[in-house]
Amino acid sequence: MNKKATFLILFSLFSTILFAQKAATDEATMDRFIDDLMKKMTVEEKVGQLNLAAVGFDVTGPILNKGVDEKIKKGLVGAVFNTFTPDAVQKLQELAVTQSRLKIPLLFGYDVIHGHKTIYPIPLGLSTSWNLDLIERTARAAGEEASADGLNWVFSPMLDIARDPRWGRVSEGSGEDPYLGSEIAKVMVRGYQQDDIAKTNSVMACVKHFALYGASEAGRDYNTTDMSKIRMYNEYLPPYKAAVEAGAATVMTSFNEIDGIPATGNKWLLEDLLRRDWGFNGLVVTDYTAIMEMVHHGVGNSEQVCELALEAGTDMDMVSEYFINNLPEMVKTGKINIQFIDKACRRVLETKYKLGLFENPYRYIDAKRAETEILNDAKLALSKEAAVKSMVLLKNNNLLPLNADKKIAFIGPLVADQRNMLGNWSGAGNWKKSTSIQMALEQQFGAGKFLYAKGCNLIEDKEMLKKINNGGVVSRDKKTPQELIDEAVQTAQGADVIVAVLGETFNMSGEAASRSDIELPENQQELLRALKKTGKPIALVLINGRPLALQWEDDNMDAILESWFPGTKAGDAIVDVLFGKAIPSGKLTMTFPRNVGQIPIYYNHKNTGRPFSETQKYTTKYLDVSNEPLYPFGYGLSYTTFSYGDIALDKTNLKKSGKMTAKVAVTNTGKQEGTETVQLYIRDLVGTVTRPVKELKGFRQISLKAGETQTVSFDITEEILKFYNIDLEYVSEPGDFKLFIGGNSRDVKEATFILE
Ligand code: NOJ
């Protein structure tokens, strides 16, 4: 070894030791500080630290927190959420640090889900970009904006694997796949926290909803979940685990039960799995009123549920105030051991210490930053970039991109809409700052260039309208449905091409927005049928928050572009894609069913003992619909086409300690440049437990010029072949494997190998 190498090794060893020593000293200093502080605290004040109060406005439940200012002064509040802007935060923080006895600063949290004031596509949309760098940049930008607005904690990422598009909250997550979900989890945590929560422009992430909320039975929100441990470990837990390993500072418990015990009071989940097995040492907060809701679940009265939650490892009580109303008395009567309160209180104080709030409680308050960082040009440009890269082209009979020389009629209630572009959970986003499609068209092409008609209301169903419309934001036109359709048909008659812009209102997906029918609303379908009768080619642009059942549309439309709820720059992004200034490259991260009866439908399912056969009656199938989805996981078209060569493996036998390389040549066979996401799947053919028919294990995104070929290579190691066996050990099992590479989970090239 030469001198330089020896020096480098010694230097890195030395700095590692120094770093570890410094960390230990820092921790010891923190521990001493907290010991001293806790010695001064009354039981009430300790419990006060466990109280997370909603101050501001109500989003997901009744506001139960009354007289919060007084409580802050008495030291009965540890953190607040729904309060932002430097002024508002300053006011509450001042109450805490000047008027409460021990002057303990507050944490400030908020639902920053896909942007704070600049809104990016809904998380499901971001995931369909398959662009980890982009997703990290949006999280980072959201964190920067939120922290410039006084916040230090965001309730994101939502990492619930979801296979049921009836569940409205699929819009908030990254879809059905544990591998992709885990990759996204890591970059989102990194984006928010920037590897240092003490930075004034970073925020703490909150992993939610721990755990399994995405498996609510029948897709009905807040419903029961029940699954085997082996499914949990292999299919649902990986993204949460990845986020914890990436250093997420906080975790939120979910509303649902697991093995019959609500997550908030589930000791196995919080203490054994999260803290012991995964080594999480941050803060656990409940979801909105989840402690109180345990009474409805039927696991005890108010005192019993507090005991369950606290002893299970829950630290903070979001909104229910069950902790502050019960725990002090329970200590007096010996119903709870103070050591559990101490533990939770310490974790809250540690979090504040790590954020640097004891040094300077106002460190996130800087009106100048708010002025320069919120909705600035860079963030708006990112909003457009993200919206473009999230769109998925589901069908195209050469209609897109549009030729601007043609006469085009833009029809539908979402053409001129700004309100719905942001989607659900658009935090502090102001829809008046979003661009509608019509605004973008007029800006780019001038006002008189295209034809426009509304065609229908977003929904006519009065019952649904009542349910989703408590803010009065979905309006209905004064014209009758028939008048609207007639007008649209007449407009369409004068055009060469129709672009129909349809979908959901922002509050038809998201929390408390489950649907048992996931087709387009009936009145929108009526409009489409009428337009179809004109015989003109139709491009359908969808704006919505979940996979929809689009069989009729697939059969009858010439092109379908899924643009999700695209965010602040929606109109600009959609217009760029429609006219070919930008080329769609998104790929689905949730399977699109043909009809609701196929749900749950997901690509990484198991085989059965009676695999599907066209000719054999007693095999797994429906009588009235195929087993195949309409659009599979990983699917999405471009304005160009790609072809895949055969897979070349450098060996066919892989040693456990070894590495194998799989290569495939991908060619752009179309006429323009495009981006392709090359996907790697494996199948473990024989296991001690049954294994999925395909599992995503890697992907690469490449850009290819027309006619260009690139070879993409993947390293295969034992690590990616591991799974949890019946004893929940993470192992690989020697034997035969299949390996698939392709542009989606269905259309793949195949090779086989053996793990020795
Ligand atoms: C309830 C939702 O389930 C959760 O995602 C959100 O963070 C909280 N409400 C706070 O608003």
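The values are calculated or read from the model by the stated rules, or taken from the named source; none is laboratory data. Predicted model, so just to flag it, every value in this text is computed and none were measured. All Cβ positions, even for glycine, are placed from backbone atoms using ideal geometry, and neighbour counts span all protein chains on display.
Against the numbered list (1) within 15 Å of the ligand (Cβ to nearest atom); (2) more than 13 Å from residue 161 (Cβ to Cβ); (3) aliphatic (A, V, I, L, M), residue 244 comes up short only at (1). Within region 160-175, if we keep just the residues that are within 13 Å of the ligand (Cβ to nearest atom) and outside any helix (DSSP H, G or I), the residue that is nearest to residue 426 (Cα to Cα) turns out to be 173.
The set of residues in region 120-154 that are away from the ligand (no atom under 16 Å from the Cβ), of a type in the set (A, V, I, L, M, F, W, C) and under 30 Å from residue 745 (Cα atoms) comprises 126, 130, 132, 134, 135.
Determine which single condition residue 251 fails, assuming it passes every other condition in (1) within 16 Å of the ligand (Cβ to nearest atom); (2) assigned to a loop (DSSP other than H, G, I, E, B); (3) touching a residue at least 40 places away in the same chain (Cβ under 8 Å). Condition (2) is where residue 251 drops out.
Only one of 368, 354, 335 is of a type in the set (Lys, Arg) and not in a helix (DSSP H, G or I). Can you tell me which? Testing whether each residue is of a type in the set (Lys, Arg) and not in a helix (DSSP H, G or I) leaves just 335.
How many residues are charged (D, E, K, R) and under 22 Å from residue 53 (Cβ atoms) when one looks only at region 264-318? Counting residues in region 264-318 that are charged (D, E, K, R) and under 22 Å from residue 53 (Cβ atoms) gives 6. The criterion of at least 1 residues that are under 21 Å from residue 519 (Cα atoms) is met, among strands (runs of 3 or more DSSP E) falling completely within region 386-473, by 392-396, 408-411. Being more than 18 Å from residue 158 (Cα to Cα) and crowded, with 21+ Cβ neighbours inside 10 Å holds for only one residue in 272, 277, 317, and it is 317. Provide a single number: the residues in region 254-293 that are part of a helix (DSSP H, G or I) and either more than 14 Å from the ligand (Cβ to nearest atom) or of a type in the set (Phe, Trp, Tyr) (or both). Within region 254-293, residues that are part of a helix (DSSP H, G or I) and either more than 14 Å from the ligand (Cβ to nearest atom) or of a type in the set (Phe, Trp, Tyr) (or both) number 12.
Hey, does region 176-198 have a residue that's over 23 Å from residue 723 (Cα atoms), touching a residue at least 60 places away in the same chain (Cβ under 8 Å), assigned to a loop (DSSP other than H, G, I, E, B) and over 14 Å from the mean Cα position of the chain (by Cα)? There is at least one residue in region 176-198 that is over 23 Å from residue 723 (Cα atoms), touching a residue at least 60 places away in the same chain (Cβ under 8 Å), assigned to a loop (DSSP other than H, G, I, E, B) and over 14 Å from the mean Cα position of the chain (by Cα). State whether one or more residues within region 391-410 are among the small types (Gly, Ala, Ser) and closer than 30 Å to residue 370 by Cα. No, there is no match, as no residue in region 391-410 is among the small types (Gly, Ala, Ser) and closer than 30 Å to residue 370 by Cα.
When the criteria are applied in full, residue 210 fails the requirement of being within 16 Å of the ligand (Cβ to nearest atom) and touching a Lys or Arg at 6+ places or on another chain (Cβ under 9 Å). Pairs linking a residue in region 45-56 that is under 18 Å from residue 292 (Cβ atoms) and polar (S, T, N, Q) to a residue that is away from the ligand (no atom under 12 Å from the Cβ) and at pLDDT 95 or above, with Cβ atoms under 7 Å and 6 or more positions apart or on different chains, are 51/76; 51/77; 51/78; 51/317; 51/321; 51/323; 51/324. Against the list (1) touching an Asp or Glu at 6+ places or on another chain (Cβ under 8 Å); (2) within 12 Å of the ligand (Cβ to nearest atom); (3) hydroxyl-bearing (Ser, Thr, Tyr), the condition residue 110 fails is (1). Counting just the residues of region 39-69 that are more than 16 Å from the ligand (Cβ to nearest atom) and at pLDDT below 95, which one comes out nearest to the chain's Cα centre (by Cα)? The extreme case among them is 66. Total residues in region 626-669 satisfying the condition of being crowded, with 16+ Cβ neighbours inside 10 Å, under 19 Å from residue 711 (Cβ atoms) and among the small types (Gly, Ala, Ser): the figure is 1.
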